[in-house]
Every structure is written in structure tokens, then in C-alpha cells.
Amino acid sequence: MEAGLIEYGLIALVVALTSSGQVLQKLGADRGLKNAHGTAAILRALFRWEIILSGVCLASAVVIWLAVLYRMDVSKAFPFISSGFIVVLLAARFYLREAISWRRWIGVLFIVAGISLLSQS
Amino acid sequence: MRATDTPRRAIMLLACSVVLSACAQLLMKAGMLALHGTGGSLMQLLQAAIQDIAVSGLIGAGLLCYALSMLAWLLALTGYRLSIAYPMLGISYVLVYLGAVFWDRIGEPFTLLRSAGIVLVLIGVVLVNHRDNGMNDSTDSGES
């Protein structure tokens with residue numbers, strides 16, 4: 001299966017949607033869940049807009065991912081998907097303003113490389 | 001980051017989330033494998049999936065694990081920086097690989113290349129968790 005511009009575009013979309021979903025989940029966790037005590041409060045916090053929107057992002061990412069898998073091999077597509085780990089870290093650094101040591105950057109590069117190998121059949 | 005920096009609760013929740021998400025993947029994969037051989041249209045596939053107890057049980061259990069994993073993940077995020085918690089999901093890929101190799105329902109082959117991947121992921125996880133990374137406190141995240 002020959003992957004073209006459309007496939008890589010779809011993969012970029014999957015990465016963008018999952019990364020946005022992760023950031024939204026973190027925002028929802030900090031703004032709602034962190035101060036929720038008791039089952040009722042936790043349930044209410046799960047219906048904040050950040051969490052709902054993250055669900056929409058992640059669900060549409062799954063659908064697009066299935067479309068990618070229909071068009072190319074998982075072992076070819078997955079190394080690109082695992083770059084999402086780097087995108088999430090960039091978002092955590094520049095949008096959430098988390099401090100990230102160089103050691104952690106290197107660690108994530110190892111994880112991305114390892115996952116790329118794990119996806120090879 | 002050591003256990004002393006992050007609330008025990010958050011560590012447990014993150015661990016649960018990682019294990020449950022691997023279980024979800026494995027159960028759904030096993031369910032789809034059990035469905036294999038049922039040909040035909042999407043409707044026929046759906047019907048077979050619902051009627052076959054093994055298939056619906058495995059996929060149902062997989063979906064349940066997935067939902068629980070998501071809940072544990074959201075709760076864990078209240079105690080972790082995203083830049084520490086998210087890389088930990090790499091561990092679940094390792095667990096999925098090991099499960100796919102050792103669970104005879106799936107029985108994927110053990111390969112040198114993929115095993116090297118495990119080593120890389122684990123080195124990465126250790127580096128990400130290294131001492132100088134504290135936990136998330138309310139002053140350094142969620143504000144932008």
C-alpha cells in the first residue's frame with residue numbers, strides 16, 4: 001500500500017486531535033476534578049466542557065485512525081502516530097507552562113523510538 | 001520524581017490506567033480474533049458479535065476496561081503534570097506487546113526488534129521519572 005499526501009494529512013489530523021484531547025483532559029482535571037470530593041461532585045466534574053470536548057476529539061481521532069489503517073499498514077503509520085508524545089510535551093511546555101528538563105525530553109524520544117519498534121511486525 | 005513527591009493516590013491511579021488500557025486493547029483484539037472467519041456484511045458481523053458469547057464477552061470486557069482506564073487517567077491527571085503522566089502511557093504499549101505474545105488467544109510472535117522496543121520504552125520511562133521532576137502543584141500548570 002502506497003501512502004500519499006492524504007494519508008499523511010490524516011495522520012497529522014489524528015495526532016492533532018489526540019494531543020488536543022490530552023491537553024483538554026488535563027485542563028478539565030485541574031479545573032474540575034481536582035476540587036471534586038465525593039461521587040456526585042466527581043460525576044459533575046466529568047461533564048465539564050473541557051472533558052466533553054476531549055471526548056469528541058479522541059472519538060473523531062479513532063474514526064480517522066481507522067480510515068488511515070484501512071489505507072496503510074499499521075507498522076508504517078504507527079511511528080508517525082507516536083510522534084504525538086512529542087506534540088503533547090510541546091503543548092505541556094508552551095501552553096500549560098510546565099517545566100520540562102532535558103532529561104525528560106530525551107526520555108520521551110526513547111519512548112517514541114521504542115513504540116515505533118514495537119509496532120513493527 | 002519519587003513516591004514522596006507525588007500523592008500515592010495519583011501514582012496508583014496512573015498505574016491502574018496504564019494496566020487497564022493495555023487490558024482493553026488485548027481483550028478487544030482477542031474478541032476481534034474470535035470473530036474472525038465470520039464473513040459477510042457489517043450487519044452480519046454485528047449480529048455474530050452479539051450472538052457469540054466469547055466475542056461479546058471479550059469486547060464488552062475490553063470496552064469496560066477502556067472506560068475505567070479513562071476515568072482513572074482523568075483522576076490521576078489531577079496529581080501529575082501532563083508532561084510526566086502522558087509518557088507513562090508508553091508502558092501500556094509494552095504490556096500490550098507482552099500480552100499479545102504470551103496470551104495464547106492472540107499468540108503474536110516474539111521478535112528481537114520489538115523486544116528492543118521494550119528496552120527503549122523502559123529507558124525512556126526511567127528518564128522521564130528522574131528525580132528532578134516534581135509533581136504538579138497548582139502554581140505551575142493549568143494557567144495560560
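The values are calculated or read from the model by the stated rules, or taken from the named source; none is laboratory data. Note that the coordinates shown come from a computational prediction; the quantities given were computed from them, not determined experimentally. Counting neighbours? That spans all protein chains shown, and the Cβs are built from the backbone with ideal geometry, glycine included.
Being surrounded by fewer than 16 Cβ atoms within 10 Å (Cβ to Cβ) and farther than 28 Å from A:Phe110 by Cβ narrows it down to one of A:Leu69, A:Leu5, A:Leu46, so name that one. Only one candidate passes the filter, namely A:Leu5.
Scanning region B:68-79 for residues that are within 13 Å of the chain's Cα centre (by Cα) and within 11 Å of chain A (Cβ to nearest Cβ) gives B:Met70, B:Leu71, B:Trp73. Cβ-Cβ distances below 6 Å connect no pair with a first residue in region B:110-131 that is polar (S, T, N, Q), a second residue that is surrounded by 15 or more Cβ atoms within 10 Å (Cβ to Cβ) and assigned to a helix (DSSP H, G or I), and a separation of six or more residues or different chains.
In region A:29-121, which helices (runs of 4 or more DSSP H) lie fully inside it and hold 3 or more residues that are at the interface with chain B (Cβ under 7 Å from one of its Cβ atoms)? Reasoning before the result, please.
Values: elements: A:39-45, A:49-71, A:74-81, A:84-94, A:102-118.
Of the helices (runs of 4 or more DSSP H) lying wholly inside region A:29-121, those with at least 3 residues that are at the interface with chain B (Cβ under 7 Å from one of its Cβ atoms) span A:84-94, A:102-118.
If we scan region B:6-18, do we find a residue that is surrounded by 14 or more Cβ atoms within 10 Å (Cβ to Cβ) and at pLDDT below 90? Checked against the condition, which is being surrounded by 14 or more Cβ atoms within 10 Å (Cβ to Cβ) and at pLDDT below 90, region B:6-18 yields at least one hit.
In this structure, does B:Ala48 turn out to be more than 14 Å from chain A (Cβ to nearest Cβ) and more than 25 Å from the chain's Cα centre (by Cα)? In short, yes. When you scan region A:62-83, do you find a residue that is touching a Leu at 6+ places or on another chain (Cβ under 8 Å) and closer than 18 Å to B:Trp73 by Cβ, even just one? The answer is no; no qualifying residue exists. Within region B:80-92, being free of Cβ contacts under 8 Å to residues at least 60 places away in the same chain and either more than 7 Å from chain A (Cβ to nearest Cβ) or hydroxyl-bearing (Ser, Thr, Tyr) (or both) holds for B:Ser83, B:Tyr86.
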